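Student: My structure is below; once you've seen it, I'll send some questions.
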Amino acid sequence: MRTATLHKVLAALMVLMAAALVLTHTTAVGSLALPDPALAVTGVAAGFGIGVVAAIMGVAGGELLIPTIVLLYAVGIKTAGSLSLVVSLPTMLVAFARYSRDGSFAVLGANVRFTAIMVAGSVAGALLGGLLLGVIPDLVLIPVLAAVLLISAVKLARHAPPDA
């Protein structure tokens, strides 16, 4: 698939996930209620797809994992966020190994100050987020996650190079 087409497809998927997330939390849609074997197969397929997308995009996949976990397994947004961290860890380890071998991390050496500032901000944000876990209600988190998905979709669609 061409890069521009892939970006547009991923952007459309993000918009659909944002809509599904808001819909499932504003109406009485209910969960998929799949039998355990079907849910396991669906989870593996979704995880595989998200892993492929994450590898292609060079991200951990949390923007896709959290809505998928919420929609598939009918868990709360906070639980899904925690689960996405655990699920993302193997993806990040594989990406680190791959990027280490092909020299992609050379950019870190050229941008040490930026990297240090971002790491410090990320650690501080994670600590603050952990403290706020029981404070911020789902009623606030769901629209925020939907907005992040929509903004990401727009940025991804705009970033898509024209198909050659």
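The values are calculated or read from the model by the stated rules, or taken from the named source; none is laboratory data. What you see is a predicted model; the values in this text were computed from it and never measured. Every residue, glycine as well, gets a Cβ built from its backbone with ideal geometry; the counts of neighbours run over all protein chains shown. With ligands, DNA and RNA removed, areas are computed over all heavy atoms of the protein, side chains included. Shrake-Rupley method; radii C 1.70, N 1.55, O 1.52, S 1.80 Å.
Student: Is it the case, given these coordinates, that residue 11 is in a helix (DSSP H, G or I) and either at pLDDT 80 or above or open to solvent by less than 50 Å² (accessible area, probe 1.4 Å) (or both)?
Tutor: Yes; evaluated as a whole, the condition is true for this residue.
Student: Based on this model, can you work out whether residue 136 counts as among the aliphatic types (A, V, I, L, M) and open to solvent by 80 Å² or more (accessible area, probe 1.4 Å)?
Tutor: Taking the combined requirement at face value, the residue does not satisfy it.
Student: Just for helices (runs of 4 or more DSSP H) wholly inside region 16-133: which have at least 3 residues that are surrounded by 17 or more Cβ atoms within 10 Å (Cβ to Cβ) and touching a helix residue (DSSP H, G or I) at 6+ places or on another chain (Cβ under 6 Å)?
Tutor: Passing ranges, in order: 36-57, 62-73, 77-101.
Student: Which residue out of 40, 60, 55 is over 23 Å from residue 23 (Cα atoms) and modelled with pLDDT of 80 or more?
Tutor: None of the others qualify; the one that does is 40.
Student: Would you mind telling me which numbered condition in (1) within 21 Å of residue 6 (Cα to Cα); (2) open to solvent by less than 70 Å² (accessible area, probe 1.4 Å); (3) modelled with pLDDT under 85 residue 152 fails?
Tutor: For residue 152, the failing item is (3).
Student: Find all pairs meeting these conditions: Cβ atoms under 9 angstrom apart; at least six residues apart or on different chains; first residue within region 1-27 and in contact (Cβ under 8 Å) with a residue 60 or more places away in the chain and closer than 11 Å to residue 70 by Cβ; second residue charged (D, E, K, R) and open to solvent by 30 Å² or more (accessible area, probe 1.4 Å).
Tutor: Filtered contacts from region 1-27: 17/63; 25/138.
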